[in-house]
1. Taking into account only those residues within the stretch 416-459 that are among the hydroxyl-bearing types (S, T, Y) and outside any helix (DSSP H, G or I), which is nearest to M470 (Cα to Cα)?
2. Can you tell me which residues in the stretch 301-336 are free of Cβ contacts under 8 Å to residues at least 12 places away in the same chain and under 19 Å from G380 (Cα atoms)?
3. Looking at (1) closer than 17 Å to V330 by Cα; (2) touching a residue at least 12 places away in the same chain (Cβ under 8 Å), which is the one condition that is false for G429?
4. Residue under question is T225, and the condition is that it be free of Cβ contacts under 8 Å to residues at least 24 places away in the same chain and closer than 30 Å to I150 by Cβ; does it hold?
5. Of all residues in the stretch 416-434 being hydroxyl-bearing (S, T, Y) and within 14 Å of M461 (Cβ to Cβ), which is surrounded by the fewest Cβ atoms within 10 Å (Cβ to Cβ)?
6. Looking at the structure I just gave you, is V344 surrounded by fewer than 21 Cβ atoms within 10 Å (Cβ to Cβ) and assigned to a helix (DSSP H, G or I)?
7. Identify, please: which residue in the stretch 200-255 is at pLDDT 80 or above and of a type in the set (D, E, K, R) and is, among those, surrounded by the fewest Cβ atoms within 10 Å (Cβ to Cβ)?
8. Only one of L404, L362 is over 18 Å from Y331 (Cα atoms), hydrophobic (A, V, I, L, M, F, W, C) and at pLDDT below 85; which?
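The values are calculated or read from the model by the stated rules, or taken from the named source; none is laboratory data. All values derive from a computational prediction rather than experimental measurement. FYI the Cβ positions are ideal-geometry reconstructions off the backbone, even for glycines, and counts take in every protein chain you see.
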Amino acid sequence: MSFRREVGLGLFWVAIATLASKGFSLLRQLILARLLVPADFGLVTSAYVAIGALQLFQELGFSSALIYRRNDVEEAANTTFIVVLVSSVILYVVAWLSAPLVAALFRNEALVQVLRVLSITIVISAISQVPMSLLAKGMGFKNQVIPEMIAIIAGSVLSVVLAVTGWGVWAIVYGQVVTSLLTSALVWFFCPWRPSFAFTRRVARELWDYGKHMVGFQIMVFMITNIDNAFVGRFMNSAILGVYGLAYTLSNLPATHLSRIVGQVMFPAFTKVQEDVSKLNIVFFKSVKFVALVAFPVSAITLVFAKDFIVVAYGSKWYLAVLPLQLLTVYGLARSIAVNMGNVFKAGGKPNWLLYIATLRLAVMAALLYPAIRYQGIYGVAGLSAIVAVVDFCLSLFLTNRILHASWKRYVQIFLPMLVVSIVTAALGHQTYLWTTGLIHPFLSMPLTGGFALVLYLAIMYLYDPEVRMVASQILGGALREFRRMRIAHGQSRV
């Protein structure tokens with residue numbers, strides 16, 4: 001299979017699974033937000049701050065090193081499996097013992113049991129770490145995403161059922177545990193590799209030499225993305241943290257989902273062309289262009305529909321999330337486009353640059369968060385996050401250009417038309433929503449007019465950009481061929 005087709009199929013399958021599973025997760029969140037209170041979401045957010053801190057040391061960068069590695073892959077996989085499993089058990093014990101201290105930090109005794117139950121996902125997820133990495137390394141994304149999609153749907157259904165029957169915060173907790181459990185169990189049906197439990201010290205040292213930079217970077221990223229939650233939870237309360245967490249989650253839909261789609265596929269893809277700078281340049285700008293093609297309109301629609309969406313979909317008890325949602329959307333947009341820059345650093349043998357950028361960003365956040373939250377509350381925190389994200393984005397562009405020998409003009413040519421068209425179509429979509437107020441129920445008119453804005457944007461970009469037309473044709477043709485192949489295979493299996 002050609003490199004282009006490998007990447008195309010990888011993006012196709014990850015995109016299909018992500019849209020399906022995350023769409024289902026968003027529906028779950030809408031239902032749970034109606035059934036539960038902000039404090040329940042704040043409690044789970046607090047627990048995940050602690051769990052996320054521990055998970056930084058779960059795989060020690062070995063998973064990225066395994067994907068990057070060219071030789072002794074079998075030995076590396078077995079060594080990684082043992083390291084991840086042992087470290088995960090240790091981290092679970094630490095989480096259990098430290099739960100009272102974490103509860104004291106967030107001034108919420110109920111956090112003890114929530115944290116102790118949720119932390120079992122550290123051990124559960126360790127079981128699937130290596131098979132997931134090997135599937136990504138071999139560009140086997142179809143087999144990687146199916147178990148994740150099934151698990152998310154099952155966990156979401158369980159959460160909603162438990163919430164309806166009055167389980168409160170435990171509806172979220174048990175749903176997450178079941179999701180993790182199913183993912184780790186199902187992936188083994190799709191990955192042929194089986195561990196031999198052989199540990200090779202030499203290979204472990206080599207994996208650590210690469211992975212240590214990733215650990216440092218992951219620590220910095222975790223602190224950057226959670227220091228705001230920690231400050232809000234510490235200096236305000238669980239209800240406000242729940243509101244802020246909702247705004248962060250919604251605003252980062254493009255970042256979280258596009259980053260996951262593109263990051264999963266493009267890092268393994270970049271490693272295949274890491275020695276050819278001209279080819280790496282072409283692959284990078286194509287991926288950036290098509291991430292931005294989706295990220296810009298989604299972010300613009302989120303900005304203009306924020307107030308109406310929060311009030312209609314979540315209810316007036318979540319109104320405080322409106323302005324943070326709008327401010328954090330800028331943060332999410334920058335993050336979604338910047339994901340491939342980090343992949344260029346890793347594939348270009350410069351993972352230490354990720355650590356340097358993250359360290360600088362964390363220093364700025366740590367210095368300015370307290371005055372921001374003291375004088376402007378969660379609005380100040382959201383605004384600070386947006387500003388720092390834009391600065392970080394510009395610095396990442398500069399360093400990416402050093403590896404790819406690219407110019408700033410290239411980015412302007414890509415981003416400017418998308419920015420202008422997305423703003424115009426989002427504004428037109430929102431105006432259409434206001435015109436239909438009183439004629440159609442908001443639950444119906446909002447997705448229709450938001451969808452209208454997105455379709456109009458894509459239509460204009462399709463007519464404007466020949467490359468968009470070409471790729472759209474390739475994706476459609478590839479999808480039709482894949483479904484035809486699956487139908488033939490299914491027919492043969494029946495015979």
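1. For the stretch 416-459, the residue satisfying everything is T436.
2. Y319
3. The single condition G429 does not satisfy is (1).
4. It is true that T225 is free of Cβ contacts under 8 Å to residues at least 24 places away in the same chain and closer than 30 Å to I150 by Cβ.
5. Filtering first and then ranking leaves T425.
6. no
7. Among residues in the stretch 200-255 that are at pLDDT 80 or above and of a type in the set (D, E, K, R), the one surrounded by the fewest Cβ atoms within 10 Å (Cβ to Cβ) is R201.
8. Residue meeting the stated conditions: L404.
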